[in-house]
Amino acid sequence: MTTGVRILVDADACPVKDEIYKVAWRRCVPVTIVSNSHFRVPAHPLVTRVVVSDGFDAADDWIAERSDAQAVVVTADILLADRALKSGATVLSPTGKAFTTASIGGAIATRAIMADLRAGGDQIGGPKAFAPADRSRFLQALDTALARLQR
């Protein structure tokens, strides 16, 4: 099911939606915002909103089923990143870090260790706060990924 270069966004907690729109409009690439709830998206012909059920992993399932080598998936969800990579998609975190087939195994293992520590009652910190440098890095990573796919 190839439909051309496009961006699929795991949107419920995505802090870089405005940056995605900016790059997508400049490059004329369609964006699909996938969420479990309604929120405002720009009224623009390149932006589509998909609201899935609030079922467990419903947004992840929708995105994974539509991921392929022409998709850029934006997500902070490591398990969705793994599924999208297996479909051939380019996967970026909102901080601009690219998930790759070489790095995803380590990310999944770290996620599992942290979950075990939390389950055991350990007080561990969460991820670093989102910073302006993350936003800038994301803009560059998205633009680079789209340029590569549009060649």
> Failed condition for ARG27, given (1) open to solvent by 50 Å² or more (accessible area, probe 1.4 Å); (2) out of contact with any helix residue (DSSP H, G or I) (no Cβ under 6 Å at 6 or more places or on another chain); (3) not aromatic (Phe, Trp, Tyr), with all others met?
Replying inline: (2)
> For the subset of region 66-79 comprising residues that are hydrophobic (A, V, I, L, M, F, W, C) and surrounded by fewer than 23 Cβ atoms within 10 Å (Cβ to Cβ), which member is nearest to ARG6 (Cα to Cα)?
Replying inline: ALA69
> Taking only pairs six or more apart or across chains, which ones have beta-carbon atoms under 8 Å, a first residue in region 20-40 that is more than 19 Å from THR75 (Cβ to Cβ), and a second residue that is assigned to a loop (DSSP other than H, G, I, E, B) and of a type in the set (A, V, I, L, M)?
Replying inline: TRP25/LEU46; CYS28/LEU46
> Do we have VAL73 as closer than 23 Å to SER136 by Cβ and in contact with a Ser or Thr (Cβ under 8 Å, 6 or more places away or on another chain) here?
Replying inline: yes
>> Among the residues that make up region 10-18, is at least one of them open to solvent by 20 Å² or more (accessible area, probe 1.4 Å), in a helix (DSSP H, G or I) and among the basic types (Lys, Arg)?
In response: yes
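Results for (1) of a type outside the set (A, V, I, L, M, F, W, C); (2) in a loop (DSSP other than H, G, I, E, B), shown as yes or no for each residue.
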residue: LYS22; (1), (2): yes, no
residue: VAL41; (1), (2): no, yes
residue: HIS44; (1), (2): yes, yes
residue: SER53; (1), (2): yes, yes
residue: ALA64; (1), (2): no, no
residue: VAL73; (1), (2): no, no
residue: LEU80; (1), (2): no, no
residue: ALA84; (1), (2): no, no
residue: THR101; (1), (2): yes, yes
>> Take ALA84 and tell me if it is at pLDDT 95 or above, closer than 18 Å to GLN150 by Cα and surrounded by 22 or more Cβ atoms within 10 Å (Cβ to Cβ).
In response: no
> Does VAL34 count as modelled with pLDDT of 95 or more, more than 23 Å from ARG148 (Cα to Cα) and buried (at least 16 other Cβ atoms within 10 Å of the Cβ)?
Replying inline: yes
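The values are calculated or read from the model by the stated rules, or taken from the named source; none is laboratory data. As the structure is a computational prediction, the values presented were derived from the model and not from experiment. Don't worry about glycine lacking a Cβ; one is built from the backbone with ideal geometry, like all the others, and counts go over all protein chains shown. Ligands, DNA and RNA are excluded from the accessible area calculation, which covers all protein heavy atoms including side chains. Shrake-Rupley method; radii C 1.70, N 1.55, O 1.52, S 1.80 Å.
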